[in-house]
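J.: One structure, pasted below without further comment.
What follows draws every value from the coordinates through simple rules; no lab data is involved. Everything numeric here is computed off the predicted structure, so don't read it as measured data. Cβ atoms come from the backbone with ideal geometry, glycine included; neighbour counts cover every protein chain shown.
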Amino acid sequence: MTREIIIETTEHILFRQSARDSLAWCPRCGCQTRLLSLEEAASLMGVEPAVVDRWVRQGKLHLEASDHGFLKVCANSLSLMRARENEPEE
Ligand SMILES: [Zn+2]
């Protein structure tokens with residue numbers, strides 16, 4: 001399966017300004033999760049949005065389409081990744 005990811009930074013910023021918290025079902029987590037824009041996820045992790053985009057491509061983060069058709073980052077996958085990063089590496 002190929003999935004095309006198009007990032008429109010301006011649209012994401014506009015969306016965030018008018019957005020309420022959106023809850024969505026993440027099939028990969030199998031639970032409800034909050035959806036974050038790339039920018040929100042990036043600022044939470046203290047990185048550039050491009051880094052979040054790379055994590056998505058690497059499969060570390062889940063990307064879901066919101067009601068409005070925007071691709072958003074699954075907040076649950078973000079906290080899972082954070083937890084994994086805190087584990088000591090071999
Ligand atoms: Zn998820």
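J.: Based on Cβ point charges of +1 for Lys and Arg and -1 for Asp and Glu, what charge dipole magnitude is obtained for the range 22-85 about its Cα centre, in debye rounded to the nearest 20?
T.: Values: 8 positive and 7 negative charges, 57 e Å.
Once rounded to the nearest 20, the dipole reads 280 debye.
J.: List the extent of the Cα atoms of the range 22-85 along each of their three principal axes, largest first, rounded to whole Å.
T.: Cα extents, longest axis first: 26, 23, 18 Å.
J.: How large is ³J(HN,Hα) for each residue in the range 49-56, as worked out from phi by the Karplus curve 6.51 cos²θ - 1.76 cosθ + 1.60 (θ = phi - 60°), to whole Hz, x for Gly and Pro?
T.: For the range 49-56, the Karplus-derived couplings read x, 4, 5, 4, 4, 5, 4, 4 Hz, x marking Gly and Pro.
J.: Take every Cα pair under 8 Å in the range 22-85 that's 6+ residues apart, average their separations, divide by the length, and report that relative contact order as a whole percent.
T.: 33
J.: Same structure, new question: Which cross-chain or sequence-distant (5 or more) residues have an amide H under 5 Å from the amide H of Leu71, H modelled 1.01 Å from N in plane?
T.: Here the answer is Ser66, since their amide H atoms fall under 5 Å of that of Leu71.
J.: A follow-up question, please. Each residue of the range 73-78 in turn: what ³J(HN,Hα) in whole Hz from Karplus with 6.51, -1.76, 1.60 and θ = phi - 60°, glycine and Pro shown as x?
T.: Residue by residue, the range 73-78 yields 8, 6, 5, 5, 5, 5 Hz.
J.: Sticking with this structure for a sec: Going by how many other Cβ atoms sit within 10 Å of their own, how do Leu38, Leu23, Leu78 line up, fewest first?
T.: Listing Leu38, Leu23, Leu78 from fewest to most nearby Cβ atoms yields Leu23, Leu78, Leu38.
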